[in-house]
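Please treat every number below as a calculation from the coordinates, not as lab data. Here the structure is a predicted model, which is why all the values come from computation and not from measurement. Here the Cβ is made from the backbone with ideal geometry for all residues, glycine too, and neighbour counts use every protein chain on show.
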Number of protein chains: 4
Amino acid sequence: MASNRFGNIFTITTFGESHGKGIGVVIDGCPANIEVSREDIQFELERRRPGLSKLSSPRKETDQVEILSGIFEGRTTGAPIALFIANQDADSSKYESIKHLVRPGHANQSYLEKYGIFDYRGGGRASARETAARVAAGAIAKKIIYPMIVRAEVEDLDKMKALIEEVMEEGDSLGGVIRCEVSHVVKGLGDPIYQKLEALLGFAMLSIPATRGFEFGAGFAAAKMRGSEHNDLYGREGILGGISSGAPIVFRVAFKPTSSIKKPQRTTNLEGKEEVLILPEGSRHDPCIALRAPVIVESMTAIVLADAVLMNRCSKI
Amino acid sequence: MASNRFGNIFTITTFGESHGKGIGVVIDGCPANIEVSREDIQFELERRRPGLSKLSSPRKETDQVEILSGIFEGRTTGAPIALFIANQDADSSKYESIKHLVRPGHANQSYLEKYGIFDYRGGGRASARETAARVAAGAIAKKIIYPMIVRAEVEDLDKMKALIEEVMEEGDSLGGVIRCEVSHVVKGLGDPIYQKLEALLGFAMLSIPATRGFEFGAGFAAAKMRGSEHNDLYGREGILGGISSGAPIVFRVAFKPTSSIKKPQRTTNLEGKEEVLILPEGSRHDPCIALRAPVIVESMTAIVLADAVLMNRCSKI
Amino acid sequence: MASNRFGNIFTITTFGESHGKGIGVVIDGCPANIEVSREDIQFELERRRPGLSKLSSPRKETDQVEILSGIFEGRTTGAPIALFIANQDADSSKYESIKHLVRPGHANQSYLEKYGIFDYRGGGRASARETAARVAAGAIAKKIIYPMIVRAEVEDLDKMKALIEEVMEEGDSLGGVIRCEVSHVVKGLGDPIYQKLEALLGFAMLSIPATRGFEFGAGFAAAKMRGSEHNDLYGREGILGGISSGAPIVFRVAFKPTSSIKKPQRTTNLEGKEEVLILPEGSRHDPCIALRAPVIVESMTAIVLADAVLMNRCSKI
Amino acid sequence: MASNRFGNIFTITTFGESHGKGIGVVIDGCPANIEVSREDIQFELERRRPGLSKLSSPRKETDQVEILSGIFEGRTTGAPIALFIANQDADSSKYESIKHLVRPGHANQSYLEKYGIFDYRGGGRASARETAARVAAGAIAKKIIYPMIVRAEVEDLDKMKALIEEVMEEGDSLGGVIRCEVSHVVKGLGDPIYQKLEALLGFAMLSIPATRGFEFGAGFAAAKMRGSEHNDLYGREGILGGISSGAPIVFRVAFKPTSSIKKPQRTTNLEGKEEVLILPEGSRHDPCIALRAPVIVESMTAIVLADAVLMNRCSKI
């Protein structure tokens, strides 16, 4: 059911595996006449790149984007925009030794169940590497949503930094929360019933690997409020009846800790027998995936908003 | 963009307003040969009905469902199933007096902005009455997902009851959390990237009026866990890489407090001038919408699962 | 796969059976603020109504449309528009005697194969009565496509009339061709690749029961032309590269003869044994379905164009 | 509106321009576990390749397909399959001299109208080169529809050959008709109302560049038949009520003559002033595009059928 597609009018379809030839995205439905350069896209990809600090994975993903189609003389033409990021630095041989094991937090077992086949190299399609394609598409979406600005960041980052150094020493990992704010919001975005703006945002966020929760406005705290108290937030939650009010929209996304850790872990093999999982020497994983998530959250938010902006062009005669 | 439709293969399209002729739903894509009686549907609607206890609104919605099409000799035929619930007890005259006011927590302002017109009678399309159509469709979805069982309930209900009586006396209202569990889960449901099972569930839940948050598995608590700790939950969160593992799925949905309260409230009229909003004598509202939400949560969950069951038929050759 | 839905942004979903409670349509994605009255819709339905002349079926379908939702104070609100036409004069008992027979040109056998169940009363969902719902939706679509005018008519009608009287006497039926012209065409409608305007029109026409062919511009005659000759038509076929050029669009649709005829016919029962089919006394069928088809062709054309008009709002930034 | 996508479950999204980096396709929704080799795809592409005989364009499109994703160890994995064909032999400089002219039969004018920008090099997105991506996808679709066989051919080919040689000498071109037959048809494919099998086939065929008409079964001839005569075809037209009956399906597609001809032609420039169009020396065009069309017709047919096969898995419980 077109599971690799997102959006109604401004749609993205991503493809590619972690250790295959590369990953890519086709953007269909992008309006013509938007100025886009390769650098605009590369800029966002750099923000996602690992290896930038000692707090992230040392894997060197240079992530050089190539524009395959849809842009002519620096502007979109209305034709589908295909972007491709070739894989490099992908040595899949070291995964051979653990391909028979159930890896906690990984999807090999459920993929095998569903499809009867699994490209296990580096997680194949299940790898978070797919999010690079979302970020590339998000770079273009950000141009459509002007003058709206999307800004995501890790909550409590200073406190987090200390904690992350601590867990790294233990060979462990940590979860985190991303807070995202949309400002200069255009009024009237979103639809009243199933395509409520908050529902579309939640849908987009929960499609990002490793997310466990989404809340907007007063969020879970609203469940403990009285009406008189919550009504004071009226108009300040940014979305009314599924439709943007013009006020800033703030939401939070919970990320689980990275599943791949250096610590030995008890697990089973695919036949169900107990084994101990020790990741191969040289495996490189972020101690806290949330650190690289802001640009992914921003990209998916921009993609939702770009689609909503276009859909809104059809609300009145 | 077909904002009143939900689903890919098993799709529902709802229609109708709070104080119009009635509300309804067309289910398209329902497999043939499912035994369905009017009573099956009515049974679920009764669970949503207000006026059942002193804790809910005294509005008498008899909510009698009529099957307009798609069922022949007690079985679905593969044709679209249209269900209709005529409105009764809908006296919209009393809303005339406050139709010029911005009602905190209500959507009239954003609808006017988006559409340039608003059917203000009882909230029109923005009324939570639309959820009756979802419940009717959910009754049929529940038949498709066999042997899966969906069960939702208000969290901490005993403690809640006492609190609700308290806020009722004050003319105020209260939020709440619904906890939903799917058991006997079929393996392999959901798709890896954008149609992850958790993303579809979150999308569905956040489309229910008055929701403010969604979390599944370890939820927001996962953000504070270490990897070694969260990995112990492996397989027990019910969803791996977007695909059901066969283990029970548990999620929580936050509902804000009812916006319509008896207490006088400061507001503005649609021109922006300050006024005091006092709901018309005889206005009937639930002090805690979460109390009636379990059957709605269950219905949307069943609709997501029914669609996922059908989509999964196409995953292998 | 939502087989009862048509369109991308302006979408129609029809429901209902020939001898059930009625037939209807939900229009989702109709822009707000369009003036629509019940009479506008009824006017188009009258054009489809049988029993108007001695050349059509004497079945008295009064086809009174009821607006169930989406229109408030005479204007569309952006909410889904549900229209319903209750069935009357539908005595299904006489079909009991032939329900075990394969009826040439009818779908009972293929429905049974596909769904394992068939609502045989008057053809159930397979009845051309479903087209009344299309006509009702088309009445609204016609308002969106202003200033475009869609006009369909039976080709060679005078010659046809004489022929039809002839076949009626023989208890036989006749096919026909509908020619449709769209004038005052807006430029830029249609999309270059799969949603070419001609492809959308062909798709719509071939979804009308009893159609066997579609051609536009030079049509099948183009296959025999030389390039120098066909190039002279440049811009005059109305569509260039899938996109409307502004010139009038003309297309033709072939309809087969009515399958239900009074003449006795050899057939088989559903077990494959030969029998003779004699339609029950009092069966009422048009001798030439093409005669009632123009308003259906116009309606589907208007629905395609309304959708294309809205889609085109998103082609440029 | 995702105009570059076709299909419901088995979907293709194509991208790329005639003189850009290449053209490609992403197949989303392909079931896992289908054996596919690069050679399977290349084999079909060779059938479309020009330059094979003196009757076709001498342009050397080697059309080497590259599998970018979705196939692992020779089998589909359920992940999206991306195929790419790099452009070669594409010297766009010679089009500079005529880029200001309206070229009869070409889409530059309508693209400019719609998008405000046009990648004129070799026709850009409007080039029939896009059909190579359809053929690549069709190669995989053909594996899904087993045991159905799709076979298309040019009608009256021997007579055509003589005519083509004649028009080539005159610097002119010729139209043609493709006849396609599907044999060993699976019963139950197609849906009753809008996604009738004939409507889907017609939609697919009319999306192929240069087509002007589609007919199936008795086609336009049915319009002149009597019911008693047409009923004798019962079950032999291959589709009943939109659903395949199991009998072979035959349809015909009309192609216009190639628009690009060597003969000088009167035209206008984009400002409307009359000019004479003489194609640049060395321009290479097929004298009869229909000659290369059979594999394209087969591919689109296979794509429609593959989708219908998967959709049909959801028709019964």
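General observations
- Label-point spacing for B:Ser37 across the identical copies (point 7 Å from Cα in the Cβ direction), in nm and ascending order: 4.7, 5.9, 7.1.
- Comparing A:Gly190, A:Gly171, A:Gly282 in a Gaussian network model of chain A (Cα springs below 10 Å), the most mobile by mean-square fluctuation is A:Gly282.
- Positive minus negative residues near B:Asp119 (Lys, Arg vs Asp, Glu; Cβ under 14 Å): +3
- Cα gyration tensor shape for segment C:5-312, rounded if a/c is under 1.5, else prolate or oblate: oblate
- In this structure, the residue pairs whose Cα-Cα separation is over 25 Å, taken from C:Lys196/D:Lys262; A:Lys142/B:Lys224; C:Lys114/D:Lys143; B:Lys142/C:Lys99; C:Lys256/D:Lys187, are C:Lys196/D:Lys262; A:Lys142/B:Lys224; B:Lys142/C:Lys99.
- Shielding of peptide D:121-128 by partners, expressed as the average count of other chain Cβ atoms within 10 Å per residue Cβ, is 3.
- By the beta-carbon count within 10 Å of each Cβ, the least crowded to most crowded order of D:Ser69, C:Ser3, fewest first, is C:Ser3, D:Ser69.
- Inter-chain shielding of D:179-191 (mean C-beta neighbours from other protein chains, 10 Å cut-off): 2
- Charge context of B:Ala86, other residues only, Cβ under 10 angstrom, K/R +1, D/E -1: -1
- Neighbour net charge for B:Ala204 - beta-carbon separation under 12 angstrom, K R +1, D E -1: -1
- Shielding by partners for peptide D:18-30, expressed as the average number of C-beta atoms from other protein chains within 10 Å of each residue's C-beta, is 5.
- For segment C:174-181, Karplus couplings with θ = phi - 60° (6.51, -1.76, 1.60), whole Hz, Gly/Pro x: 9, x, x, 10, 9, 10, 10, 10
- Rounded, prolate or oblate (a/c below 1.5 giving rounded, otherwise prolate when a/b exceeds b/c) for segment C:91-181 by Cα gyration tensor: oblate
- Exposure proxy ranking, count of Cβ atoms within 10 Å, fewest first, for D:Val182, C:Val250: C:Val250, D:Val182
- Closest Cβ on chain D to the rotation axis that carries it onto C (distance rounded to whole Å): D:Phe203, 2
- Across B:Asp307, B:Asp156, B:Asp28, mean-square fluctuation computed from a Gaussian network of chain B (C-alpha pairs under 10 Å connected) peaks at B:Asp156.
- Around the amide H of D:His19, modelled in the peptide plane, lie the amide H atoms of D:Gly124, all under 5 Å away and 5 or more residues distant in sequence or on another chain.
- By the beta-carbon count within 10 Å of each Cβ, the least crowded to most crowded order of C:Val150, D:Val102, fewest first, is D:Val102, C:Val150.
- Computed about its Cα centre, the charge dipole of the protein assembly as shown is approximately 0 debye, with only Lys, Arg, Asp and Glu carrying charge at their Cβ.
- Charging the Cβ of each Asp and Glu at -1 and of each Lys and Arg at +1, and nothing else, the dipole of segment C:86-179 about its Cα centre rounds to 680 debye.
- Taking B:Met225, B:Met160, B:Met168 in turn, the Gaussian network model of chain B (Cα-Cα springs below 10 Å) assigns the largest fluctuation to B:Met225.
- When you filter the trypsin sites (Lys or Arg not before Pro) in segment A:202-308 for DSSP loop state and at most 13 other Cβ atoms inside 10 Å of their Cβ, you are left with A:Arg236, A:Lys273.
- Span-like helix ranges in chain B, DSSP H, alpha carbon extent 24 angstrom or more, Kyte mean at least 0.5: B:294-312
- Debye intensity ratio in log₁₀ form over the Cα atoms of the protein assembly as shown, taken at each q of 0.05 Å⁻¹: -0.34
- When +1 charges are put on Lys and Arg Cβ atoms and -1 charges on Asp and Glu Cβ atoms, the dipole computed for segment C:130-254 relative to its Cα centre reaches about 700 debye.
- Label 7 Å beyond Cα on the Cβ vector: A:Glu281 copy-to-copy distances, nm: 6.8, 8.7, 9.7
- Between copies, D:Gly74 shows label-point distances of 5.1, 5.3, 7.3 nm, shortest first, with the point placed 7 angstrom from Cα along Cα to C-beta.
- For D:Glu35 and A:Leu270, the FRET efficiency from 1/(1 + (r/R0)^6), where r spans their Cβ atoms and R0 equals 35 Å, is about 0.95.
- Note on D:Ser97 and C:Lys316: their simple-model spin labels are 3.2 nm apart, each label 7 Å out from Cα toward Cβ.
- A:Glu66 versus B:Ser283: modelled label distance in nm, points set 7 Å from Cα along the beta carbon direction: 6.3 nm
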